[in-house]
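The structure appears right after this line, and notes come after that.
What follows is calculated from the coordinates using simple rules that are stated; it is not laboratory data. Note that the coordinates shown come from a computational prediction; the quantities given were computed from them, not determined experimentally. A quick note on method: Cβ atoms are made from the backbone with ideal geometry, for glycine too, and the neighbour counts reach across all protein chains shown.
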Amino acid sequence: MFRSVGLRISLIGAAVFLVSVTSLIFLPDTLPVLGMLAGGMGVWGGFVWTIFSYYAPTSRPPSDT
């Protein structure tokens, strides 16, 4: 399951997003908001990567016939 690069990117993005949401309590608004944006882009980027890798044609060795 974790062999998918897109899934790993999405999980890292989700972790960054959640840490940024919780840091809204302690830090000024600018840093957590930027972290939330970066985490959200990571989640979406991983999702798009997963979709494209799933629907991309697989490369097969050429046949000898």
Sort 34-43, 49-58 by the packing proxy (mean of other Cβ within 10 Å over each peptide's residues), most packed first.
34-43, 49-58
Given the rule -39500 (n - 2.57) for each run of at least 4 DSSP H residues, summed and divided by the residues of the chain, what is its mean residue ellipticity at 222 nm, to the nearest 500 deg cm²/dmol?
-24000 deg cm²/dmol
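What does the C-alpha gyration tensor say about the overall shape of the range 5-55? Classify as rounded when a/c is under 1.5, otherwise prolate if a/b is larger than b/c, or oblate. Please list the in-between numbers first.
Details: a/c = 5.39, a/b = 3.04, b/c = 1.77.
Prolate, since a/c reaches 1.5 and a/b exceeds b/c.
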